[in-house]
Structures are given as C-alpha cells and as structure tokens.
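Structure record follows, encoded as structure tokens.
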Amino acid sequence: MVCDDHSGSVWVKAALLAILIADTAQAADAVNGAKIIENRALSACLLCHSGPFPAPYLQGNIGPRLDGVGDRLTPDEIRERLLDPSRFDPDTVMPAYGNVEKLNRVGSAWRGRPILTPPQIEDVAAFLSTLHAK
Ligand code: HEC
C-alpha cells in the first residue's frame, strides 16, 4: 500500500490518455469534407468554385479555383474563411458557413442556425488543406 498515491496518478494519466485518444478518433474527416463540398443541396460550394471534383461542367467560376488552396492558405485561414468570409472582404458574395450574426437576407430554412455545423466545417477545412498544386 506504500505506492497508493503513485498508482492513483498512473490511473489519472491513463484516463487523460484515453480522453486524448477519443478526441483524435473524432478528428476531422477529409473524405467527408469532399462529400460536403460536392453536395450542392448542403453547401453549394461548386455553384461558385471549381476544383478536383466529379462533373467539372457543373462547377462555377465566381470564386477562385480550389485546386492548390492547401498551398495558398493554412488550415486555420481556410477555417476562418468558411466561418465568416466577410472578415476578409466585407463585400464578398461567399456565404458565411458558420456564422449566424450580421447576415443579410437569410433564407427561412437557415435562420438562427449556421449553414454547416462546426464538425462539417472542420471536415471541409481538412479536405481543402489536402489540395496542393501538382
Ligand atoms: C456565392 C458564391 C460562393 C459560394 C457558394 C462559396 N464561395 Fe468560396 N469564395 C467565393 C468568392 C467570390 C471568393 C473570393 C474571395 C472573396 O470574395 O471572399 C471565395 C473564396 C474562397 C476561398 C479562398 C480561396 C483562395 O484561394 O483564396 C475558399 C477556401 C473558399 N472560398 C471555399 C469555399 C467553400 C468550401 C465553399 C462551400 C462550403 C464556398 N467557398 C462557397 C464565392 C463563393
């Protein structure tokens, strides 16, 4: 019983490690991020952007091509853009995917909720971060 305190802290460490591992298991899913971008009804990204996605003739050119965006922007910068692009250009036509404040003419289906959930934003940012110029 001399080592009671010591073994107790080992259990605390083990528990913390288990939490860390569980967190990693919920890490962003880049494959799901690509699916979100390709899903017009959900994200509409391809209305304005093109990139390495199926059906190139259904992709838009209002925004920059997303190919190589992983070289141009860091994961944090990509996330910030998705959450609220007006932080970078107040006149942007790109919707704020994670913001519910200071918006104009929001469709009734989206009032009071972001277009994408925080985990969906993480997945999209994770996918875009994998797009590097060849
Ligand atoms: C209505 C058009 C529109 C939609 C929809 C849209 N964007 Fe954009 N996006 C733009 C425009 C325009 C820009 C150029 C910068 C600006 O005006 O904000 C841009 C910029 C970006 C950038 C920065 C690119 C770079 O190279 O600097 C990223 C990343 C991006 N958009 C991702 C997305 C994703 C992902 C979605 C869907 C979840 C999306 N956009 C939906 C119009 C749009």
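So for Tyr97, Tyr57, what's the accessible-area order with a 1.4 Å probe, most first?
Largest accessible area first, the residues go Tyr57, Tyr97.
If you build the Cα gyration tensor of the chain and take the root of 5 times each eigenvalue, what three semi-axes come out, in whole angstrom, biggest first?
In descending order the semi-axes read 38, 19, 13 Å.
Could you compute how much accessible surface Glu77 exposes when probed at 1.4 Å, giving the result in Å² to the nearest 10?
That residue has around 80 Å² of solvent-accessible surface.
Which helices pass in the chain if a helix is a full DSSP H run, must span at least 15 angstrom along its long axis by Cα, and must have mean Kyte-Doolittle hydropathy not below 0.5? Don't jump to the answer; show the numbers that get you there.
Numbers: long enough: 4-25 (32 Å, 0.75); 118-129 (16 Å, 0.37).
Correct list, ordered by number: 4-25.
Sort Lys13, Lys134, Lys102 by heavy-atom solvent-accessible area, probe 1.4 angstrom, most to least.
Descending accessible area places them as Lys134, Lys102, Lys13.
Please work out how much accessible surface Asp71 shows to a 1.4 Å probe, ignoring ligands, DNA and RNA, in Å² rounded to 10.
Here the residue's solvent-accessible area equals roughly 90 Å².
Would you pull out the residues with amide H under 5 Å of Asp29's amide H, same chain only if 5 or more places away, H placed 1.01 Å from N?
Placed amide hydrogens put Asp123 under 5 Å from Asp29.
The values are calculated or read from the model by the stated rules, or taken from the named source; none is laboratory data. Treat the numbers as computed from the prediction; the structure is a model and nothing was measured. Side chains are part of the model used for accessible areas, which takes the heavy atoms of the whole protein and leaves out ligands, DNA and RNA. Shrake-Rupley method; radii C 1.70, N 1.55, O 1.52, S 1.80 Å.
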